[in-house]
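**Student:** Please find one structure pasted underneath; my questions will follow.
The values are calculated or read from the model by the stated rules, or taken from the named source; none is laboratory data. All of these numbers come straight from a predicted model, not from anything done at the bench. Every residue, glycine among them, receives a Cβ derived from its backbone with ideal geometry; neighbour counts consider all protein chains shown. Please note that ligands, DNA and RNA were not included when accessible areas were found on the heavy atoms of the full protein model with its side chains. Shrake-Rupley method; radii C 1.70, N 1.55, O 1.52, S 1.80 Å.
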Amino acid sequence: MANILLKEFPNSFKTERLLIRLPLPGDGVAVHEGIRETQEELRPWMPWAQVDQNVEDIEVNVRKAHIRFIERSDLRFHLFLKESGEFVGIGGLHCINWEVPRVEIGYWCRKRYMGQGLISEAVQGLTNFAIQQLGVKRVEIRCDSENHASRRVAERTDFILEGILRQFDRSPDGEELRDVAVYSIVVKE
């Protein structure tokens, strides 16, 4: 395979209501604001939501995500409303295996935009991007089996439940073993 750093694809794309783009330096303020607004909803599912972070911490995280995007090792995208430019959340193509190729989609939504179908729209856009722009043959969504909102997104966007991995991971607070639901879309050759 050619050097993955030379793989060309767009840094952004649009869906009906969203601008979906790579993280850029300076995004830390908006991301921090979204995390603070939504932290209690994220805590049961996200290890990074267990601790409070300041704007500087988040800006460092954004810049590291920007570097990983350029390296093609992890493709995090920031989600913004097209009309207002307001930050909605984060979606990304993670756990990339360029040999297969396959990716795992992760996502979270800012509290004020929950229940509006924006994450389903973003997941559909990310899935199309992965298949059409990256040539991915397998797209996965993995989530805690008790995370019903994330599972509904996977089901709403036509991912197929492959199974439940029993006691596969620890809860974000490390206190208990958790089951993980695995969904996928595969491209037949």
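**Student:** If you only keep lysine pairs separated by 8 or more in sequence, or across chains, how many in the chain come under 20 Å at the Cα atoms?
**Tutor:** Working: K7/K64; K7/K137; K14/K82; K82/K111; K137/K188.
Going through the chain pair by pair, I get 5.
**Student:** Keeping every protein chain in place, order K111, K14, K188, K7 by accessible area at 1.4 Å, biggest value first, i.e. largest first.
**Tutor:** Numbers: K111 100, K14 145, K188 170, K7 60 Å².
Result, largest first: K188, K14, K111, K7.
**Student:** In debye, nearest 20, what is the charge dipole magnitude of the chain about its Cα centre with +1 on Lys and Arg Cβ and -1 on Asp and Glu Cβ, if you could check? The partial results should precede the final answer.
**Tutor:** Details: 26 positive and 30 negative charges, 118 e Å.
With only Lys, Arg, Asp and Glu charged at Cβ, the dipole is about 560 debye.
**Student:** Quick one: 3J(HN,Hα) in Hz for the range 57-64, Karplus 6.51/-1.76/1.60 with θ = phi - 60°, rounded, Gly and Pro as x.
**Tutor:** Per-residue couplings from phi come out as 4, 5, 4, 4, 4, 4, 5, 5 Hz.
**Student:** Could you give the length gained on full extension between D179 and E41, defined as 0.36 nm per residue of separation minus the Cα-Cα distance, in nm? Intermediate results must be reported in sequence, preceding the final value.
**Tutor:** On the way: separation 138, 0.36 × 138 = 49.68 nm, distance 1.90 nm.
Roughly 47.8 nm would be gained on extension.
**Student:** Using a 1.4 angstrom probe with every protein chain in place, what is the largest-first accessible-area order of W48, W108, W98?
**Tutor:** Numbers: W48 90, W108 20, W98 45 Å².
Ranked from most to least accessible, the order is W48, W98, W108.
**Student:** Describe numerically, in nm with one decimal, the distance between label points set 7 Å from Cα along Cα→Cβ at R166 and at R112.
**Tutor:** 4.5 nm
**Student:** Using label points projected 7 Å from each Cα along Cα→Cβ, tell me how many nm separate K64 and D52, to one decimal.
**Tutor:** Between K64 and D52, the label points sit 2.1 nm apart.
**Student:** Shifting gears a bit: So how do H78, H148, H94 rank on accessible area, 1.4 Å probe, biggest first, that is with the largest at the start? The partial results should precede the final answer.
**Tutor:** On the way: H78 0, H148 100, H94 50 Å².
Greatest to least solvent exposure: H148, H94, H78.
**Student:** Let me ask another. If you take every DSSP beta bridge whose two residues both sit in the range 38-163, what share of them, in percent to the nearest 5, is antiparallel?
**Tutor:** On the way: 13 of 17 bridges.
About 75 percent, rounded to the nearest 5.
**Student:** Just one of (i) 1.04; (ii) 0.94; (iii) 0.96 is Rg/Rh (Cα atoms, Kirkwood Rh) calculated from these coordinates, so which is it?
**Tutor:** Correct label is (ii).
**Student:** Apply 1/(1 + (r/R0)^6) to the Cβ-Cβ distance of E33 and S145, taking R0 = 35 Å, and write down the FRET efficiency to the nearest 0.05.
**Tutor:** Numbers: r = 30 Å, r/R0 = 0.87.
Computed FRET efficiency for E33 and S145: 0.70.
**Student:** Express the accessible area of the chain per residue in Å², computed with a 1.4 Å probe while the remaining protein chains stay in the model. Walk me through the numbers on the way to the answer.
**Tutor:** On the way: 10140 Å² over 189 residues.
That works out to 54 Å² for each residue.
**Student:** Still on this structure, I have one more. With a 1.4 Å probe and all protein chains left in place, how much of the accessible area of the chain comes from carbon and sulfur atoms, in whole percent? It would help to have the intermediate numbers written out before the result.
**Tutor:** On the way: 4970 of 10140 Å².
Exposed carbon and sulfur together represent 49 percent of the surface.
**Student:** What does the extension gain come out to for K7 and K137, with contour length at 0.36 nm per residue minus their alpha carbon separation? Show your work: numbers first, answer last.
**Tutor:** On the way: separation 130, 0.36 × 130 = 46.80 nm, distance 1.63 nm.
Answer, rounded to one decimal: 45.2 nm.
**Student:** I would also like to ask the following. Spelling out what I want: for every residue of the range 163-168, take phi, set θ = phi - 60°, compute 6.51 cos²θ - 1.76 cosθ + 1.60 (Karplus), and round to whole Hz; glycine and proline get x.
**Tutor:** In residue order, the calculated couplings are x, 10, 8, 6, 6, 8 Hz.
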